[in-house]
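Taking it in order: structure first as structure tokens, then the write-up.
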Amino acid sequence: MTDTVKFVLDESRIPKRWYNIMADLPSPPPPVLHPGTKQPVGPDDLAPLFPMALILQEVSGEREIDIPEPVRDIYRQWRPSPLHRARRLEKVLQTPARIYYKYEGVSPVGSHKPNTAVAQAFYNREAGVRKITTETGAGQWGSALSFAGALFGIEIKVFMVRVSYNQKPYRRAMMETFGAKCIPSPSPETNSGRAILEKNKDHPGSLGIAISEAVEVAATNDDTKYALGSVLNHVLMHQTVVGQEAIAQLEMAGDYPDIIVGCTGGGSNFAGIAFPFIGAQLRGGKKVRVVAIEPSACPSLTRGRYAYDFGDTGHLTPLVKMHTLGSTFTPTPFHAGGLRYHGMAPLVSHLQELGLIESKAYQQSEVFSAGVQFARAEGIVPAPEANHAVKGAIDEALRCKTEGKAKTILFNLCGHGHFDMQAYTDYFSGKLVDQQYEEAELAMALAGLPSVTA
Ligand SMILES: Cc1ncc(COP(=O)(O)O)c(C=O)c1O
């Protein structure tokens, strides 16, 4: 088995429980606050937006939470996802490192997002919910929730960041195929959208704005709940099926990672692959270096402030402590739409504060160059978001080459790029330029952070 390329688990090995890192942390993350009272929110504050089962998961301290059988049944459509050893890439790089990637692009919509979409749709259906609103950047999350909505008979309305809506018409078609409604954001349908359009009718949109629109619709309609594709504790926890499977697959390979790499938009695919390994480390297991990769144009972990902020631009959400660029920060329209979020998951932010993870930012041209190199070696075209992780893993492998060290590198190839070929076309024609955020805009957005005394 020394030359095995794919490590594949049987369906019976789909994890039976999600892993909750909260149970193993040396200290809990700061509480979520009510924006009016600045006091910790309780379950009832969140009840207009989420079903109680998900709210209880959000605040749970239990190490493991059972995955309901109907959810595992749907996971069978694509899980366990394969773990690949990137032997051809290793050869191209002439690195002594062993590179593994967990390939989440095998899911029905092409990314890790259905791992939580199916779970969230299930708990909503159990609570009798008939309609869910959400936002989407790249379209992967919107597609995933639309797919899950189709399976559970729930109506889905997706506010899609306008720049991505224009860049990726086939994502919209996919959502509509699953029966969902997809609207470009900012839209005239909501107060939040109208307020933005009044100032700039050509606004490119952002995840922060799309979240405001979706939350507003859910908060003002009794029959509608809201679902978020990243950031929240329960969403990150649903993604831990990825890392749990990887642990079993690396055991088959007789290996264990020295370095784990993931891209970070809101933090969910990164958490999915990394948290089970960090948890093992916190319980006395082997230490791993964990590196989060983000775009230089939207660098919340590397340039943001660790502070209480709103999760959305319209200030409808509670306050969470996270690395943030400021809720009014609008990232330039670069091609990794899923990474255009002003904040970061509170749990990922907390881990960085605890020194348990590192972060690094790259420009989009260098991540596309890495993605093309990966595609030519491994035959998979990564999503632009995933290219950030590819670049991070390649850099680590090249460092191993320079240092003559045969380390084991694991990264999350969180999605394929089959709906992102315009981005690749732009890259090949030299149109995909590196984007810098405006220092003045960042300063202004940070100046608007809500004041919260400890
Ligand atoms: C393929 C892909 N990767 C990554 C992300 C970023 O989200 P997260 O950081 O929650 O994994 C997205 C978001 O849309 C995505 O579509």
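For this structure, a couple of remarks:
- Computed E for Asp44/Arg283 - FRET, C-beta separation, R0 35 angstrom, nearest 0.05: 0.55
- P(r) of the range 183-228 over all Cα-Cα pairs, binned every 5 Å from zero, in whole percent: 5, 26, 32, 22, 9, 5, 1
- Across the range 1-119, Cα-Cα pairs more than 18 Å apart make up 68 percent of the total.
- nm² value of the averaged projected area, convex hull over the Cα atoms of the range 328-454: 10.3 nm²
- Efficiency of FRET from Cβ geometry, Arg87 and Phe428, R₀ 30 Å, rounded to 0.05: 0.70
- Over the Cα atoms of the range 238-282, the radius of gyration divided by the Kirkwood radius equals 0.96; this is the Rg/Rh ratio.
- When only the Cβ of Lys, Arg, Asp and Glu is charged (+1, +1, -1, -1), the dipole of the chain relative to its Cα centre reaches about 920 debye.
- Over 20 Å (Cα to Cα) - which of Lys113/Lys157; Lys6/Lys286; Lys287/Lys407; Lys113/Lys225; Lys168/Lys225; Lys168/Lys360 fall in this group: Lys6/Lys286; Lys168/Lys225; Lys168/Lys360
- Carbon plus sulfur fraction of accessible area for the chain, probe 1.4 Å, in percent: 51 percent
- Base-10 log of normalised Debye intensity for the range 341-406 (one unit scatterer per alpha-carbon) at q = 0.14, 0.21 Å⁻¹: -0.55, -0.96
- Mean projected area in nm² (Cα convex hull; one quarter of hull surface) for the chain: 19.8 nm²
- This model, with +1 at the C-beta of Lys and Arg and -1 at the C-beta of Asp and Glu, gives the range 81-169 a dipole about its Cα centre of some 320 debye.
- Calculated accessible area for the range 334-440 comes out at 36 Å² per residue, all protein chains present (probe 1.4 Å; ligands, DNA, RNA ignored).
- Per residue, the accessible area of the range 129-193 comes to 34 Å², computed with a 1.4 Å probe over protein heavy atoms only.
- Net charge of the neighbourhood of Gly337, taken over other residues with C-beta under 15 Å away and scored Lys/Arg +1, Asp/Glu -1, is +1.
- Exposure check, 1.4 Å probe, all protein chains in place: Arg13 carries approximately 120 Å² of accessible surface.
- Computed extension length for Asn166-Met52: 37.5 nm, one decimal, from 0.36 nm per residue of separation with the Cα-Cα distance subtracted.
- Rg/Rh (Cα only; Kirkwood hydrodynamic radius) as it applies to the range 166-322: 1.04
- Here the calculated FRET efficiency for Glu438 and Asp24, from their Cβ-Cβ distance with R0 = 41 Å, stands at 0.55, rounded to the nearest 0.05.
- Per residue, the average separation of C-alpha pairs within less than 8 Å and at least 6 apart gives the range 106-174 a relative contact order of 35 percent.
- nm² value of the averaged projected area, convex hull over the Cα atoms of the range 146-185: 2.3 nm²
- Ranked by how many other beta carbons lie within 10 Å on average, peptides 257-263, 209-215, 351-357 from highest: 209-215, 257-263, 351-357
- For the range 240-380, a simple Cβ point-charge model (Lys and Arg +1, Asp and Glu -1, everything else neutral) yields a dipole of about 260 debye relative to the Cα centre.
- Checking every one of the trypsin sites (Lys or Arg not before Pro) in the range 192-279 against DSSP loop status and a limit of 16 other Cβ atoms within 10 Å picks out Lys201.
- Long-range tail of P(r) for the range 108-211 (Cα pairs > 23 Å, %): 25 percent
The values are calculated or read from the model by the stated rules, or taken from the named source; none is laboratory data. Predicted model, so just to flag it, every value in this text is computed and none were measured. We place every Cβ from the backbone using ideal geometry, glycine too, and count neighbours over all the protein chains shown. The area values use the complete protein model at the heavy-atom level, side chains included, leaving out ligands, DNA and RNA. Shrake-Rupley method; radii C 1.70, N 1.55, O 1.52, S 1.80 Å.
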